[in-house]
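Every read-out reported here was derived from the displayed coordinates using simple, explicitly stated rules and does not represent laboratory data. As the structure is a prediction and not an experimental result, all values here were calculated from the model. Here the Cβ positions follow ideal geometry from the backbone for every residue, glycine too, while neighbour counts run over all protein chains shown.
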Amino acid sequence: MISKQTILKSIIAVVTVIILVYLLKYPINYPAKNPVRTVKEIPSEDRVKAKPLRYFFSIKVRYQGPQAIAFRQGKLVVAYKGMNIIDIYSPDGEYEGSFSAAPGIRVNPVAVSNDRSGGLYLCDMANRVVLFFDKENKFHYPFPPRKITPSGIDFIHAPGDVFVNKANVFVIDVGDSSVKVFTEAGEFLMFIRDWGKTGEKFLHPSAVMQCTDGRILVADTLRKKVAVFNCAGKFAYFFDDPKGETLEQPEAMTIDSGGNIHVLDTVKEKVFVYDNYGRYLFAYGSSGSRAYQMRMPVDIVADPNGKHIFIADTKNQQIDVWSY
């Protein structure tokens with residue numbers, strides 16, 4: 001006769017095997033480094049020291065309304081409002097050629113980003129699609145490439161921003177006020193649509209970015225906030241408010257070589273800089289038409305080395321370059 005102790009050991013062994021199999025099949029998404037602490041709970045000694053930037057020079061672009069920029073293969077890519085022409089410039093401002101985003105079709109490129117292989121993702125708000133081009137500038141397909149229905153949670157209604165980090169593609173969907181995450185192959189991974197704690201949903205998400213440690217940053221122009229989420233999409237905290245003022249319309253973000261995050265405010269026409277945890281450091285830029293000033297800046301990107309910051313200065317028809 002089998003003893004009760006033997007039966008109990010057998011049950012424990014079976015349960016252990018089931019748990020191990022489940023964890024192998026569905027691994028736990030551990031939060032990114034320090035994702036759930038508030039900004040105030042982060043030790044002050046962890047603050048990144050940074051010095052203010054200085055205005056360097058401006059690139060006078062060929063057309064009016066530069067509104068989407070990115071660095072791809074060491075070159076600056078510039079897309080214009082309501083135009084299907086994408087220009088390519090060297091980092092020092094030399095024009096090196098162009099290609100058509102969609103020949104014969106009116107497009108409105110509002111955001112661009114690149115992947116590891118040199119592929120280019122372009123958010124076309126006019127046609128409400130994300131267009132994908134290979135490193136030779138050849139158009140391949142709307143992203144994601146597989147057919148999906150408007151009722152699906154992975155359907156992109158109106159793309160407002162795109163960010164590619166390693167193998168993942170983050171898309172701001174202004175149509176349903178969410179962030180949708182895909183693999184580079186177009187497989188849907190998850191979506192983020194609220195702050196989590198109180199159930200407050202995004203009103204108008206405008207920019208998305210992922211830090212090297214996995215934290216996901218989302219700017220919302222109507223809530224006038226930048227929120228931090230862990231790599232699994234769980235809300236953690238908001239960025240600090242700038243000293244003496246608040247964000248008015250955070251439109252775009254980039255990260256420099258020191259890990260500092262630059263948030264472009266279109267209404268205030270300046271850039272607010274935060275450390276890696278979202279604590280306010282300083283601001284730069286001002287409103288106007290002089291060489292070091294901006295009029296309706298709408299996009300921002302750091303060069304591959306993170307030493308220079310490029311800003312799409314729409315009304316002044318130029319790309320402003322700032323440097324450490």
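Here are a few things to note about the model shown:
- Amide hydrogen proximity for Ser206: with H placed 1.01 Å from N in the peptide plane, the residues at 5 or more positions away or on another chain lying under 5 Å are Ala219, Asp220, Thr221.
- On full extension, the segment bounded by Phe57 and Ile148 gains 28.3 nm, given 0.36 nm per residue less the C-alpha separation.
- As computed over region 96-216, the Cα convex hull volume per residue (Å³): 117
- Within straight-line cross-link reach of Lys138, aspartates and glutamates at Cα separation under 18 Å, skipping those fewer than 8 residues along the same chain: Asp87, Glu96, Asp115, Asp124, Glu184
- Ordering of 94-106, 63-75 by burial proxy (mean other Cβ atoms within 10 Å per residue, highest first): 63-75, 94-106
- Straight-line cross-link partners of Lys147 among the aspartates and glutamates, defined as a Cα under 14 Å from its Cα and at least 8 positions apart when in the same chain: Glu187.
- Dipole moment magnitude, nearest 20 debye, region 37-323 about Cα centre, only Lys, Arg, Asp, Glu C-beta charged: 220
- Under Karplus coefficients 6.51, -1.76 and 1.60, residue-wise ³J(HN,Hα) of region 73-80 in Hz, glycine/proline x: 6, x, 10, 8, 9, 10, 10, 10
- Amide H to amide H, with H built 1.01 Å from N, Gln317 comes under 5 Å of Gly65, counting only residues 5 or more places away or on other chains.
- Each residue of region 169-175 was assigned a 3J(HN,Hα) from its phi angle through the Karplus expression (A = 6.51, B = -1.76, C = 1.60, θ = phi - 60°), giving 10, 9, 10, 6, 9, 5, x Hz with x at Gly and Pro.
- Taking amide H as placed 1.01 Å from N in the peptide plane, Phe282 has its amide H under 5 Å from the amide H of Val273, each at least 5 places away in sequence or on another chain.
- Restraint check, Lys81/Lys234; Lys60/Lys268; Lys60/Lys243, Cα-Cα greater than 24 Å: Lys81/Lys234; Lys60/Lys243
- Separation of the His204 and Ser287 label points, Cα + 7 Å toward Cβ, nm: 1.6
- Positive end of the dipole of region 222-324 (Cβ unit charges, origin at the Cα centre): among Leu247, Gly288, Tyr277, the Cα lying farthest that way belongs to Leu247.
- Contact order normalised by residue count of region 186-323, Cα under 8 Å, 6+ apart, percent: 14
- Translational diffusion of region 152-235, µm² s⁻¹ [Kirkwood Rh, Cα pairs; Stokes-Einstein; 25 °C; 0.890 mPa s]: 196
- Which of Lys307, Lys234 has the fewest Cβ neighbours within 10 Å, and the rest in rising order: Lys307, Lys234
- When Met209, Met296 are sorted by how many other C-beta atoms sit within 10 angstrom of their C-beta, beginning with the fewest, the order is Met296, Met209.
- Translational diffusion of region 37-323, µm² s⁻¹ [Kirkwood Rh, Cα pairs; Stokes-Einstein; 20 °C; 1.002 mPa s]: 113
- Converting phi to 3J(HN,Hα) with the Karplus coefficients 6.51, -1.76 and 1.60 and the offset θ = phi - 60°, region 238-246 yields 9, 5, 4, 6, x, 4, x, 7, 10 Hz in sequence order, with x at every glycine or proline.
- Order of Arg128, Arg223, Arg54 under a 10 Å beta carbon neighbour criterion, fewest first: Arg54, Arg128, Arg223
- Counting only residues at least eight positions apart within a chain, or on another chain, the aspartates and glutamates with an alpha carbon under 15 Å from that of Lys225 are Asp194, Glu200, Asp240, Asp241, Glu245, Glu248, Glu251, Asp265.
- The antiparallel fraction among DSSP beta bridges confined to region 256-306 stands at about 90%.
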